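Laboratory data are not the source of any read-out in this text; all were calculated from the coordinates shown. Source: prediction; values computed, not measured. Cβ coordinates were reconstructed from backbone atoms using ideal geometry, including for glycine residues, and neighbour counts include every protein chain displayed.
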Amino acid sequence: MRQTAVPSPATLELSTHRLWLRAYSPEMALPFWRLLQENRSRLLTDFPDRTAAVQTLEDAAHRIRTMTYQRRAGDLYSLGIFRKDTEDYIGDVTLRRLARGKLYAEVGYYLSGAAEGQGYATEALKAVLKYAFQVLRMESVSLRCAKANTRSQKVAERTGFTLTRTYTPTVTDSGGEPRELCCYSFQRNDFALQLLWRTCFLENRPKTPEPVSMDLSGCKTLIKRNCLHTFPAVLLRGSKTASAEPFAGTFSR
């Protein structure tokens, strides 16, 4: 299913095959607070600011007002993740601009314990990446996770992020022992190459023994092999041709 982005000063909603990603509104305060309450112990280390700031239902309502202001200012896009089949609120994905007016951002997400392991994080990240590159015109989006968190690393890799470095911070926001972190990056050109590969070679290709699964490196190799060294700028302008959903590092269907 096509993913859509419908931004406006008042609201923002992204649609994927199984999910709605919605900008927070006042009526979402209760599920927003309840999920944090039920998952506080497992989210505390990775999301110390969010878990510390939202202790009560009133805190949740205040946080939503703050996030609404930040979204309208173009600084931070926090979206609640909802299942389409049940309308259940199952998590959060947030795109944070690293500096006002700059085209660089960082993305983070969390899910309820019951929603993990079902591909929802990958699906939500793909939608946010499309919005970041096609609507917000970002140049790159980064993602960080603990090196010990192999599940998040696999999500990043399936979505198409590239590991750029690992490091151990000297100070942590949570006050605990510093943990080694993995830093991933997704560049605008990588997104365009994946769009090009899908549009030109997967959807219009004749049946060949060439495998469908292809990582970004293989994508670049095949584009070069087919003598297509440049790609049209229209692919990054959200045209009808390029409106297919964003792609993971492997194009499994």
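Looking only at segment 96-131, which residues have a backbone nitrogen under 14 Å from a spot 7 Å from the Cα of K84 in the C-beta direction?
120, 123-124, 127
How large is the dipole of segment 25-148 about the Cα centre if only Lys and Arg carry +1 and Asp and Glu carry -1, each at its Cβ, rounded to the nearest 20 debye?
My answer is approximately 520 debye.
So what are the radius of gyration and Dmax for the Cα set of segment 17-130, in Å?
Rg then Dmax for segment 17-130, in Å: 13.5, 37.
Between R137 and T164, what FRET efficiency comes out of the Förster formula 1/(1 + (r/R0)^6) with R0 = 25 Å and r the beta carbon distance, rounded to 0.05?
E between T164 and R137, to the nearest 0.05, is 0.70.
For the residue pair E180 and Q118, what label-to-label distance in nm results when each label sits 7 Å from Cα along the Cα-to-beta-carbon direction?
3.3 nm
What nm value, rounded to one decimal, do you get for the distance between Q37 and E13 when each label is placed 7 Å out toward the C-beta?
It is 2.7 nm.
Within 10 Å, count the other beta carbons around each residue, average over each peptide in 63-71, 143-151, 90-98, and list them highest first.
Going from most to least packed, we get 90-98, 63-71, 143-151.
Mind ranking 129-140, 74-85 by how tightly packed they are, going by the mean number of other C-beta atoms within 10 angstrom, highest first?
Output ranking for 129-140, 74-85: 129-140, 74-85.
Report the paramagnetic label zone for N149: residues of segment 43-71 whose backbone N is under 20 Å from a point 7 Å from Cα along the Cα-to-Cβ axis.
So the set is 43-55.
Could you go through segment 88-99 in sequence order and give the Karplus-derived ³J(HN,Hα) for each residue, using 6.51 cos²θ - 1.76 cosθ + 1.60 with θ = phi - 60°, rounded to whole Hz, and x for Gly and Pro?
Result, rounded to whole Hz: 6, 7, 10, x, 9, 10, 10, 9, 10, 5, 6, 7.
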